[in-house]
1. Got a number for residues in region 323-346 being surrounded by fewer than 17 Cβ atoms within 10 Å (Cβ to Cβ) and under 17 Å from Thr398 (Cβ atoms)?
2. So which of Ala152, Ala145, Ala160, Ala185 ends up being modelled with pLDDT under 90, assigned by TED's automatic domain parsing to the domain that holds Thr230 and small (Gly, Ala, Ser)?
3. If we scan region 273-282, do we find a residue that is more than 19 Å from the chain's Cα centre (by Cα), polar (S, T, N, Q) and at pLDDT 95 or above?
4. Scan region 173-200 residue by residue and report those that are touching a residue at least 12 places away in the same chain (Cβ under 8 Å) and in a loop (DSSP other than H, G, I, E, B).
5. Between a first residue in region 242-262 that is more than 28 Å from Asn129 (Cα to Cα) and a second residue that is of a type in the set (Asp, Glu) and not in a loop (DSSP other than H, G, I, E, B), which pairs have beta carbons less than 8 Å apart while being 6 or more apart in sequence or on different chains?
6. Only one residue in Ala277, Ala258 is touching a strand residue (DSSP E or B) at 6+ places or on another chain (Cβ under 8 Å) and not polar (S, T, N, Q), so which one is that?
7. Applying the selection to region 156-172, what residues are part of a loop (DSSP other than H, G, I, E, B) and either touching a residue at least 60 places away in the same chain (Cβ under 8 Å) or of a type outside the set (Ser, Thr, Tyr) (or both)?
Amino acid sequence: MSVSGNVINVSRPSLFDGEPSLKKRKLSNGKEEKVSTISNQSLSVSDRFLPNRQAMNQARIADAYLLKPPKTVYEQALMKALIPNYSSKTLLNRASEPFQISRELEPVWQMPREPFCSFNAEAGGRGSNDFYNHPLDWGRNIYFAIESAVWAVDLLKKGASILTSLPDDTMINSIKSSPDLEEIAIGSERSTLALFDLQAQKITLSHQVDLFDGKKAACLAWKKEGAELTVGLTGSIVHFDKRQERKAWEIPLEPGKATCSVDWNTSDILLGTGNDAEMLRIFDARLAEAEKPIYKLATKSAIKALKWNPSHPELLAVGTGTADKHLHLIDLDEKKSVCKENTGFQVCDLTWLDQDHFIVGAGYGSTKPEELSVWHYRKAIQGLKKEGTIAEIPGGRTLNLVKEPKKGGRSVKICSHCSKPDGTRQSVSVWEVKNREACDQYEKRRGRKSSSMKSWDVR
């Protein structure tokens, strides 16, 4: 290359210029060694924007240098890092074989074939088979309502006893433990709200949340501070403050339509509700006009299954009834349904296992004997995937699901309430769902081979 005035003259070497050549060099011990030489012209750049192909031909350069393989550990590591899959085809415009996954990834949550324990009641009582009711919850113990009585199930003793009952044979529609697990809220068919103190072992408050009888309190939701709770009634939603012993506000909904689900998110800001009018509503407590929903979703059937994600306060999982049979994921950041999936059965209830997985209770409509199933929300592609099911649960459809009130661990206990279609037989079953990854890490820390999943499988 030469420079004359403002003109730059560039010599263009041929494509075949600069081939590596071998020369013999005599060593001090009298032996000869072959040495590769590459001309400076071959490594020069012929043009600023049109590089010389020969200068990029790593295969030929590597062939020349590999005549004398690297001996030291550093040289070997350097060659492996620079050319990890070296062959004569390197950078010669030949596509490599596509990466193949040998097997599908195993589901994170593994479910058992049989329940941890089960309790049966031959006579379920009035209302126990009602799709809209929530007679099951898990606090200090498992609590289950049958007619006018609340039963406490002790897993250690594997027995059940009556905790309390309402007067005048008032049928209980819903129960909900307080966040501190010290009280149980009880909603009845006569629009009454009762608070049972577990330490005092008595009802400390009984309040008529609505003036009209016949508006049953089918669902309840506490705020996390434990002083306020929301009651879902027929035709309205009432927010109750136990400190003042009165209702703080009321939101009217479709007259005569049962409110069958209410749930506050983890920040106590967003309230999700579903009713028999096939309408999902989300309210924002921060707004001046809090009675106006910030999001609405019309479906083809009633919405009972409704739970906020424990790690993402703006993500809501929703399940619909027999006429729709869909799962919806609602993202309030985008204010839209990010994905939905047809389950093939009536979605009666659901609960989150972690931030990406939740378990669903099946009702009518399923062609297979599947009652519980684990679903995975894949946020990267905004999709839902069914990972596994449990078959042949005692009873008929799974009406209610609750999770043991603890965080994390190698396993999570899930309690299900199942009923036969005619309501003659009720069953409360406890299922221990194990986290495969947590179990494997625990076994590795213990220094032994993992065998915790042998009796657990997914179908």
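1. Qualifying residue count, region 323-346: 1.
2. Values: Ala152 fails: modelled with pLDDT under 90; Ala145 fails: modelled with pLDDT under 90; Ala185 fails: modelled with pLDDT under 90.
Of Ala152, Ala145, Ala160, Ala185, the one residue that is modelled with pLDDT under 90, assigned by TED's automatic domain parsing to the domain that holds Thr230 and small (Gly, Ala, Ser) is Ala160.
3. Filtering region 273-282 down to residues more than 19 Å from the chain's Cα centre (by Cα) leaves 273-282.
Then keep just the ones that are polar (S, T, N, Q); that gives 273, 275.
Subset that is at pLDDT 95 or above: 273.
Among the residues of region 273-282, at least one is more than 19 Å from the chain's Cα centre (by Cα), polar (S, T, N, Q) and at pLDDT 95 or above, which makes the answer yes.
4. Pass one, region 173-200, residues touching a residue at least 12 places away in the same chain (Cβ under 8 Å): 173-199.
Residues satisfying the conditions are Ser178, Pro179, Asp180, Leu181, Glu182, Glu189, Arg190, Ser191, Leu198, Gln199.
5. Sorted first by the residue in region 242-262, then by its partner, the pairs are Lys242/Glu228; Lys247/Asp241; Ala248/Glu228; Ala248/Asp241.
6. On the way: Ala277 fails: touching a strand residue (DSSP E or B) at 6+ places or on another chain (Cβ under 8 Å).
Just one listed residue meets the conditions, Ala258.
7. So the first thing to find is which residues in region 156-172 are part of a loop (DSSP other than H, G, I, E, B), and the list is 156-158, 166, 170-171.
Hits for region 156-172 are Leu156, Lys157, Lys158, Leu166, Met171.
A quick yes/no check of all residues on (1) touching a residue at least 40 places away in the same chain (Cβ under 8 Å); (2) closer than 24 Å to Ala218 by Cα; (3) part of a strand (DSSP E or B):
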residue: Lys292; (1), (2), (3): no, yes, no
residue: Lys300; (1), (2), (3): no, yes, no
residue: Lys307; (1), (2), (3): yes, yes, yes
residue: His312; (1), (2), (3): yes, no, no
residue: Ala317; (1), (2), (3): yes, yes, yes
residue: Thr322; (1), (2), (3): yes, yes, no
residue: Leu329; (1), (2), (3): yes, yes, yes
residue: Asp333; (1), (2), (3): no, no, no
residue: Ser337; (1), (2), (3): yes, no, yes
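The values are calculated or read from the model by the stated rules, or taken from the named source; none is laboratory data. Bear in mind that the values here come from a model prediction, so they are computed numbers and not experimental data. Backbone-built Cβ (ideal geometry, glycine too); neighbour counts: all protein chains shown.
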